[in-house]
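Trainee: My questions all concern the structure below.
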Amino acid sequence: MDLPMFTPPQIAEKLGDVCQGKCRTPMKKLFVLAILAGAFIAFGAQLSILVGSDATLGFGFTKFIAGAVFSVGLMLVVVAGAELFTGDNLIVISALEKKVRWGELLKTWIAVYVGNLVGSIFIALLLYWSGLWSMNGNLVGSAALKIAGTKVGLTFVQGLVRGILCNWLVCLAVWMATASKDIIGKLFAVFFPVMAFVASGFEHSVANMFFIPYGILLKSIPQVVEATGKTLADFAGLNWVTLWTKNLIPVTIGNIIGGAFFVGFIYWFAYLKKGPETVETK
């Protein structure tokens with residue numbers, strides 16, 4: 001019987017082949033696709049900020065809606081086509097299968113990471129220049145600024161652990177989307193894990209490449225700072241240095257652990273590692 005989805009062992013094999021192709025993609029094309037992914041995730045993040053700026057919805061429901069709309073970003077990446085660093089942590093499957101060298105994996109990760117950063121900051125600049133932060137009486141800009149301030153206020157351990165939890169779910173979303181043979185299935189596969197990680201407050205390095213730079217830009221606007229109910233001094237710790245030291249470094253490490261180990265390595269071990277314990281592909 002032809003199932004409407006691939007089985008877990010088939011998903012592992014399919015991802016091994018797909019990720020091998022990523023490492024063989026010409027660097028210029030890979031970088032362009034990575035810029036697109038950064039932009040796509042930023043679109044979802046902006047929408048999440050917008051709905052999250054409405055405090056009348058209540059804490060839990062606001063978190064749920066913000067997470068639900070954020071999933072648009074990964075949907076665009078999966079269906080439209082783009083290269084996202086967090087999802088590409090699954091390339092570890094191809095490396096473990098010796099389909100690509102570890103050096104190729106690292107080179108691909110770096111190119112995609114930098115491309116994601118470019119795309120994310122590009123959208124942050126466009127939104128800053130657009131003036132859309134002034135919606136809802138500057139509360140949209142206020143919400144963005146407070147999010148950025150909170151993200152650079154994390155301890156190293158908090159950023160690391162939240163990064164692990166985040167990309168565990170993101171890579172599961174990619175894993176399940178790979179299982180589906182139709183677009184609707186892929187969309188639903190992406191929706192629930194992404195909604196869960198955003199609503200739970202986990203940390204996504206590429207999303208933060210948008211959230212924090214956008215907040216840095218917005219803190220230069222007095223009316224946005226005023227709408228937060230705080231002063232500019234309260235956001236003194238929000239800058240281009242803390243973007244890395246207080247967030248992206250620990251969160252990126254956490255994302256790699258969550259995606260490459262808890263999804264990539266574990267499923268490779270369960271379904272592809274050669275030996276008597278290997279699960280049979282059906």
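Trainee: Among Asp88, Asp17, Asp234, rank each residue by its count of other Cβ atoms within 10 Å, from fewest to most, as a rough exposure measure.
Mentor: The most exposed by this proxy come first: Asp17, Asp234, Asp88.
Trainee: Taking the Cα atoms of the chain alone, what are Rg (to one decimal) and Dmax (as a whole number) in Å?
Mentor: 19.1, 65
Trainee: Relative contact order for the chain: what percent, with Cα pairs under 8 Å and sequence separation of 6 or more?
Mentor: Dividing the mean separation by the residue count of the chain yields 29 percent.
Trainee: Within the chain, what's the longest run with no GluC sites (Glu not before Pro) in a DSSP loop and at most 11 other beta-carbon atoms within 10 Å? Give the range, please.
Mentor: Formally, the longest exposed-site-free interval is 1-276.
Trainee: Determine which aspartates and glutamates satisfy two conditions relative to Lys29: a Cα distance under 14 Å, and not lying fewer than 8 residues away in the same chain.
Mentor: Candidates past the 8-residue exclusion: Glu83.
Trainee: So, one more: Just to be sure I understand the rule: take each whole DSSP H helix in the chain, project its Cα atoms onto its long axis, keep it if the span is 27 Å or more and its mean Kyte-Doolittle hydropathy is at least -0.5. Which ones pass?
Mentor: Span-like helices, by this rule, are 27-52, 102-130, 156-179.
Trainee: Using a cut-off of under 18 Å, list every residue of segment 77-98 whose amide N is near the label point 7 Å from the Cα of Leu106 along the Cα-to-beta-carbon line.
Mentor: 89-98
Trainee: Would you mind counting up the charge near Asp17? Only other residues with Cβ under 12 Å from its Cβ, with Lys and Arg at +1 and Asp and Glu at -1.
Mentor: Net charge around Asp17: +2.
Trainee: Please arrange Ile253, Ile121, Ile93 by how many other C-beta atoms lie within 10 Å of their C-beta, fewest to most.
Mentor: Ile253, Ile121, Ile93
Trainee: Quote to one decimal, in nm, the extra length available between Gln223 and Phe188 on full extension: 0.36 nm per residue of separation minus the C-alpha distance between them.
Mentor: The span from Gln223 to Phe188 would gain 8.7 nm if fully extended.
Trainee: About the Cα centre of the chain, how large is the charge dipole given +1 on each Lys and Arg Cβ and -1 on each Asp and Glu Cβ? Please answer in debye to the nearest 20.
Mentor: Approximately 460 debye in magnitude.
Trainee: Compute the distance in nm between two label points, each set 7 Å from the Cα along the Cα-to-Cβ direction, one at Ile249 and one at Ala270.
Mentor: Result: 3.4 nm between the two label points.
Trainee: Which parts of segment 72-105 would a label at Leu57 reach, counting a residue when its backbone N lies under 17 Å from a point 7 Å out along Cα-to-Cβ?
Mentor: 72-74
Trainee: Exceeding 24 Å between C-alpha atoms, which entries from my cross-link table qualify? They are Lys146/Lys186; Lys28/Lys146; Lys14/Lys186.
Mentor: Pairs exceeding 24 Å: Lys146/Lys186; Lys28/Lys146.
Trainee: Another question about this same structure. Given Gly237, Ile35, Ser205, which one lies farthest toward the positive end of the charge dipole of segment 8-271, if we put +1 on the Cβ of every Lys and Arg and -1 on the Cβ of every Asp and Glu?
Mentor: The residue sitting most towards the positive pole is Ile35.
Trainee: Per-residue ellipticity at 222 nm for the chain, helices alone: DSSP H runs ≥ 4 residues times -39500 (n - 2.57), over residue total, nearest 500 deg cm²/dmol?
Mentor: Rounded to the nearest 500, it is -21000 deg cm²/dmol.
Trainee: Test of understanding: extend the Cα→C-beta vector of Val241 to 7 Å, then name every residue of segment 211-229 with backbone N under 18 Å from that spot.
Mentor: Of the residues in segment 211-229, 213, 216-217 have backbone N under 18 Å from the label point off Val241.
None of the figures in this text is laboratory data; all of them are computed from the coordinates on show. Note that the structure is predicted; figures quoted are calculated from it, not measured. Virtual Cβ from ideal backbone geometry, glycine too; neighbours counted across all protein chains shown.
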